[in-house]
Amino acid sequence: MQKITEKTLVMVKPDAVVKGFVGKVLTYFEDQGLKIVAAKMVHLSKEEAKKFYYVHQQRPFYESLTEFMSSAPILAVVLEGENAISRVREIMGATNPKEAKPGTIRSSLAENVERNAVHGSDSPESAAYEIPFFFNQLELCSYNL
Ligand code: IDP
Ligand code: MG
């Protein structure tokens, strides 16, 4: 695979935050050499959650998902690394924890298909919407591991 340095937006979701799994979730990514270049705890309003997940507005789970995502704070994080977008998706595991490979975050920490512990951008286009949703240029750090 071609090596491209990418940034991707991760959220530790409310279920994982309230269970005290923030550190655990971040460790999965740090252990794979992904670099945290921004982080912020945010309690999204329902409207903000709807805006973040607007691509899913026609889906049957949109109301419930955005209710859940605004039920408690999330930790928004930008991770940087080679092929960060696809690597984060691998480390997270499938949306439904029942289908997630052993050793993935969702296999280990998710409750169900909705309360699934973590979000990660699914494409460069999504990352380009999701990163500035939470962070401005000044909030994105640059350093060498
Ligand atoms: P992803 O987070 O793995 O990219 P998406 O299909 O983009 O999955 O869905 C966004 C989020 O919506 C999921 O992470 C999950 O919280 C929720 N979700 C997805 N599918 C379902 C479902 O069938 N029932 C309930 N919630 C769902
Ligand atoms: Mg998605």
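Just so it is clear, none of the values below were taken in a lab; they were calculated from the coordinates. Remember, predicted model here, so these are calculated numbers, not experimental data. Neighbour counts run over all protein chains shown; Cβ positions are idealised from the backbone, glycine included.
Taking square-rooted eigenvalues a ≥ b ≥ c of the alpha carbon gyration tensor, is segment 63-145 rounded, prolate or oblate, where a/c under 1.5 means rounded and, failing that, a/b exceeding b/c means prolate?
Judged from the Cα gyration tensor, segment 63-145 comes out oblate (a/c at least 1.5, b/c at or above a/b).
Classify segment 1-54 as rounded, prolate or oblate from the Cα gyration tensor: take a ≥ b ≥ c as the square roots of its eigenvalues, call it rounded if a/c is under 1.5, otherwise prolate when a/b beats b/c and oblate if not.
In terms of gyration-tensor shape, oblate.
With the dipole of the chain worked out from charges on the C-beta (+1 for Lys and Arg, -1 for Asp and Glu) around the Cα centre, which of A100, L79, V55 lies farthest toward the positive end?
A100
Taking the Cα centre of the chain as origin, work out the dipole magnitude from +1 charges on Lys and Arg Cβ and -1 charges on Asp and Glu Cβ, in debye rounded to 20.
Here the size comes out at about 200 debye.
Once phi is turned into ³J(HN,Hα) by the Karplus curve 6.51 cos²θ - 1.76 cosθ + 1.60 with θ = phi - 60°, what whole-Hz value does each residue of segment 105-116 show in order, with x for glycine and proline?
Going residue by residue, I get 4, 5, 4, 8, 10, 7, 8, 7, 4, 8, 8, 10 Hz, with x marking Gly and Pro.
Arrange the peptides 31-42, 55-66 so that the one whose residues have, on average, the most other Cβ atoms within 10 Å appears first.
My ranking of the peptides, most packed first, is 31-42, 55-66.
Taking K101 as the anchor, which lysines have their alpha carbon closer than 22 Å to its alpha carbon, excluding any fewer than eight residues away along the same chain?
The reachable lysines, counting only those whose Cα sits under 22 Å from K101, are K13, K19, K24.
Just to compare against my own numbers: the Cα pair-distance distribution for the chain, 5 Å bins, whole % per bin, please.
For the chain, the binned pair fractions read 2, 10, 20, 24, 24, 14, 6, 1, 0 percent.
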